[in-house]
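The values are calculated or read from the model by the stated rules, or taken from the named source; none is laboratory data. Since the structure is predicted, the reported quantities are computational estimates derived from the model, not experimental observations. Every residue, glycine as well, gets a Cβ built from its backbone with ideal geometry; the counts of neighbours run over all protein chains shown.
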Amino acid sequence: MAVTFRMNNNKHGVLARLKTLVNSQNFHSADPKLAKQPKQDSPSPKGDLDYSICRDRIGISEGKTLDAKEFGVTSSMISHSSMFVLKLLRSKGFESYLVGGCVRDLILNRTPKDFDVITTAKLMEVRKQLRRSAHAEVVGRRFPICLVHIKGSVVEVTSFETVAQTSNGKEQFLYSLLPKCSNKKDLFRCKNSLRRDFTINSLFYDPFANKIYDYTNGMADLKTLKLETVIPAQLSFKEDPGRILRGFRITARLGLSISREIEAAIWTYSSLVKTLDKSRIMIELKYMLSYGAAEPSLRLLWKFKLLEFLLPVHAAYLDEQAIEEDAQASNMLLKLFFHLDKLVACDRPCDCTLWIGLLAFHLALVNNPQDAIVVWAFASVLYHGEWKEGVKFAKEQARMSVNFVPEIRKSNLYKSDEEIAIAVTKLASLVIHSISPLVEKNSLRQFLSISRYPSFPQSGMDSL
């Protein structure tokens, strides 16, 4: 399918076409509703797990109550919709807290991706209490949550009781680790913190008392910017391989160091990521690439050999670039996403169409290198939305030195406008056709067979 560039071409034409194709291919992360689905803890693919090894690993008796003001955290930093839910539940006699990544981000003075609420109320009670002021729905089977829709935003509410009911053998063992105290609120929070993935995600914040509760030494790890699992990493990732992807996402976004224990566990259990539901994988990929930490996320996925499962052609490209001896070679893929990260953030994420478009654009160039002026013209016409201005800008920029190998060739500045138009139209068509290998395994096999990397391993594709 050719995309012809005309003088009055709308600058969103190609991107709109990309979006249509992405949605038609059922690429799960294109659906924004998936971003608020329950964070399921997948059952272990290896059967029962021995939680007794946690006994010497968890210092639960050293729980701390901290003044949030000492860390610059106040209730004014909480979103209006989240504060509304917290206040309503408290007014009805239920305990309610912020928990997880939002507390971590508030302490680091970062904008949270979202605010998660946990309460002593049952989820059906949450829905009942909110029915007059918001639309609330309970979703999820194994790990149900209540999604509260308020003025265009969604607040995710979990229940202490629901978490307890969904645990099996782990529940009894974790109960034995709890400190012997009469404070029921502490017991609720302690038990829940032991089910969290990483220590820095196990913190609770009470905005009414302005207190932070830490039962797994999360504050110490946050201070040193270190990623540590709540339970031993080997057990944690075996219990839920999705935590590996989540760990990459958090590490990339916050610039954390990964402990040796976690690194060893990732190498041991990374293959289990392939057993996760496709929707779970795509949600994690969306979070990695849409919120301002795409470039370091791709580096981590590549380092631990998971990129070859998720994006095999791009993994092969990075492998080749790593051993490239040509001093003129430059890693265009990572630079594209480095610049994307400068444009987006947690409070202004991009639609997945943008990064899928970047991946398709790069695929098209890897297999079909272009003159620099053609690439400049393609990009500038999209930006300017007008052919004449786009080509004028492209000709000016194409005089600059180009060092992207193998994607871009040296420019021929003497091409006519008509020749440039034909080349740009062809490139647009190549970009659109590069969507299919990203989202459909049969197209990926065919693409690899004719690509620069026909011998690259294709073992992971059947899982996608």
Out of all the residues in the stretch 188-212, which are of a type in the set (F, W, Y) and closer than 17 Å to S159 by Cα? F188, F204, Y205
Out of all the residues in the stretch 266-278, is one or more touching an Asp or Glu at 6+ places or on another chain (Cβ under 8 Å), surrounded by 21 or more Cβ atoms within 10 Å (Cβ to Cβ) and at pLDDT 95 or above? no
Note on L66: of the conditions (1) surrounded by 16 or more Cβ atoms within 10 Å (Cβ to Cβ); (2) modelled with pLDDT of 65 or more; (3) within 27 Å of D351 (Cβ to Cβ), unmet is (3)
Which of the numbered conditions does A209 fail, given that it passes all the others? Conditions: (1) outside any loop (DSSP other than H, G, I, E, B); (2) without any contact (Cβ under 8 Å) to a residue 40 or more places away in the chain; (3) not hydroxyl-bearing (S, T, Y). (1)
Take the stretch 123-142 and flag every residue that is surrounded by 17 or more Cβ atoms within 10 Å (Cβ to Cβ) and assigned to a loop (DSSP other than H, G, I, E, B). A134, G140
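One line per residue, one yes/no per condition, for (1) surrounded by fewer than 20 Cβ atoms within 10 Å (Cβ to Cβ); (2) under 24 Å from L438 (Cα atoms); (3) in contact (Cβ under 8 Å) with a residue 40 or more places away in the chain:
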{"residue": "R348", "(1), (2), (3)": "yes, no, no"}
{"residue": "G357", "(1), (2), (3)": "no, yes, yes"}
{"residue": "F361", "(1), (2), (3)": "no, yes, yes"}
{"residue": "N368", "(1), (2), (3)": "yes, yes, yes"}
{"residue": "A372", "(1), (2), (3)": "no, no, no"}
{"residue": "V375", "(1), (2), (3)": "no, yes, yes"}
{"residue": "F378", "(1), (2), (3)": "no, yes, yes"}
{"residue": "V381", "(1), (2), (3)": "no, no, yes"}
{"residue": "E386", "(1), (2), (3)": "yes, no, yes"}
Can you run down the residue pairs with Cβ atoms below 6 Å, 6 or more apart or on separate chains, where the first is in the stretch 145-157 and under 11 Å from D116 (Cα atoms) and the partner is in a strand (DSSP E or B) and not hydrophobic (A, V, I, L, M, F, W, C)? I145/E156; I145/T158; L147/E137; E156/D116
Matching residues, the stretch 406-422, being modelled with pLDDT of 85 or more, surrounded by 12 or more Cβ atoms within 10 Å (Cβ to Cβ) and part of a loop (DSSP other than H, G, I, E, B): P406, E407
Just to be sure I understand the filter: pairs with C-beta atoms under 8 Å, separated by 6 or more residues or on different chains, first member in the stretch 261-274 and of a type in the set (V, I, T), second member not in a helix (DSSP H, G or I). Which pairs pass? I262/L227; I262/E228; I262/T229; I266/I258; I266/F304; V273/P241; V273/L306
Within the stretch 76-91, which residues are touching a strand residue (DSSP E or B) at 6+ places or on another chain (Cβ under 9 Å) and part of a helix (DSSP H, G or I)? H80, S81, S82, F84, V85, L86, K87, L88, L89, R90
Subset of the stretch 205-254 that is in the same structural domain as F84 (by TED's automatic domain parsing) and of a type in the set (V, I, T) - its residue that is surrounded by the fewest Cβ atoms within 10 Å (Cβ to Cβ): T224
